[in-house]
Amino acid sequence: MKPILITSYVNPDIDGMAGVFAYSEFLEKTGINNTIGVMGEIHDEAKYVLDRFNFEYPPVILNSNNFEKVILIDTSDLNGIEGNIELEKVIEIIDHRTIHEADKFPNAKIQIELVGSVATLITERFIQKNIEISKKSAILLLSAIISNTLNFKGGVTTERDKKAAKYLTKIAQLADNFWKELFEAKSDLSGNKLKDRILGDLAWFNIIDKKVGIAQLEIIGVKKLIEKKQDEIIEILENIKKEMNFDLIFLNAIELEEYKNFFVTSDDKTKYLLEKILNVKFDGFVAEKSNLIMRKQIVPLLKEELEK
Ligand SMILES: [Mn+2]
């Protein structure tokens with residue numbers, strides 16, 4: 001029997017990558033032959049954690065051609081995998097988003113639960129089966145939970161995330177201020193990094209007849225970044241909109257130290273829509289919002305409004 005491939009969406013973030021590594025360990029320890037692979041390039045934050053602890057990078061694959069069975073972690077959307085993964089090969093999905101396309105996978109056993117991080121769902125597997133988790137997996141999963149829940153301050157955070165993190169903390173043995181180290185590391189957007197980061201973490205959604213592109217940055221120092229690089233941000237967004245044929249586009253920039261959002265767009269229709277659903281007011285290309293909101297939470301609001 002060929003090993004089952006465990007993978008995530010193209011250009012996975014730390015949650016997808018950590019989930020892939022750790023679920024592989026879980027399955028191996030339950031006697032299931034598997035292998036891991038990631039498509040595209042892992043996010044900078046994921047690279048940072050691997051480098052920081054001298055962990056090996058996951059092997060890169062192009063598609064599911066060499067495999068008979070696939071398990072998808074942290075995705076149940078066609079956008080991030082279409083053309084790379086044959087949908088009928090997918091036997092299991094573990095994910096945590098409200099808007100998904102799980103019905104497109106005819107053979108998959110599906111676990112989609114609305115916790116802050118897929119790493120939480122993977123951690124719970126170990127706890128439920130009383131299987132010991134390696135320090136490496138614990139570090140990766142804990143980093144993913146910290147990142148995805150914005151250090152437990154993001155609106156997506158649940159008690160389950162906190163409980164999983166508490167469990168992992170004992171094994172991972174990270175410094176108390178590790179969250180800040182992690183957030184500071186991803187806040188350096190000098191040189192080409194701004195454009196790379198925006199492109200690397202771009203997501204888009206087809207809602208009725210509209211294609212909506214949402215870029216997201218999660219950093220310390222958003223206000224300064226916008227003051228310095230607003231023109232560059234607008235240019236990047238306008239180019240993406242043209243190239244990808246988006247109807248609407250904006251950047252959701254999350255300030256990780258003050259826990260607020262800045263929305264950036266030059267598109268009037270997008271501004272109008274965001275003002276309506278998020279109760280914000282644009283001043284030029286930028287709107288500010290207290291009480292942090294993540295892309296995952298904005299998408300259902302957009303959908304509700306556009307489907308009216
Ligand atoms: Mn995730």
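Of note:
- Counting only Cα atoms, the chain measures 57, 43, 35 Å along its principal axes, largest extent leading.
- Point-charge dipole on Cβ atoms (K/R +1, D/E -1) for the chain, about Cα centre, debye to 20: 620
- Highest mean first, the peptides 135-144, 109-118 sorted by other C-beta atoms within 10 Å per residue fall in the order 135-144, 109-118.
- Solvent-accessible area per residue in the range 186-308 equals 50 Å², computed with a 1.4 angstrom probe and all protein chains kept.
- At full extension, LYS223 and GLU159 could sit 20.0 nm farther apart than now, given 0.36 nm per residue minus the alpha carbon distance.
- Per residue, the accessible area of the range 11-165 comes to 42 Å², computed with a 1.4 Å probe over protein heavy atoms only.
- LEU199-LEU78 FRET efficiency (beta carbon distance; Förster radius 22 Å; 0.05 resolution): 0.70
- Apportionment of accessible area to carbon and sulfur, the chain, percent (1.4 Å): 47
- Cubic angstrom per residue, convex hull over Cα atoms of the range 59-205: 147
- Summarising the amide proton neighbourhood of ASP77: residues at separation of 5 or more, or on other chains, whose placed amide H is nearer than 5 Å comprise GLU101.
- Modelled FRET efficiency - R0 35 Å, GLU132 with GLU257, Cβ distances, 0.05 increments: 0.45
- The local environment of MET1, defined by Cβ-Cβ distances under 15 Å, has a net charge of +1 under the rule Lys, Arg +1 and Asp, Glu -1.
- Given charges at Cβ of Lys, Arg, Asp, Glu: the chain dipole, positive-most of VAL118, ILE226, LEU72: VAL118
- Between LYS2 and ASN291, full extension at 0.36 nm per residue minus the direct alpha carbon distance yields a gain of 99.3 nm.
- Point-charge dipole on Cβ atoms (K/R +1, D/E -1) for the range 4-182, about Cα centre, debye to 20: 720
- Electrostatic tally near ILE145: other residues with Cβ closer than 12 Å to its Cβ, Lys and Arg +1, Asp and Glu -1, net +1.
- Total formal charge among the other residues, if their Cβ is under 15 angstrom from that of ILE133, Lys/Arg +1 and Asp/Glu -1: +4
- Volume per residue of the convex hull around the Cα atoms, evaluated for the range 1-91, comes out as 89 Å³.
The values are calculated or read from the model by the stated rules, or taken from the named source; none is laboratory data. This one's a predicted model, so the numbers in the text were calculated from it and none came from an experiment. Here Cβ is always computed from backbone atoms with ideal geometry, including for glycine, and neighbour counts include all displayed protein chains. In case anyone asks, the SASA skips ligands and DNA or RNA and just uses the protein heavy atoms, side chains included. Shrake-Rupley method; radii C 1.70, N 1.55, O 1.52, S 1.80 Å.
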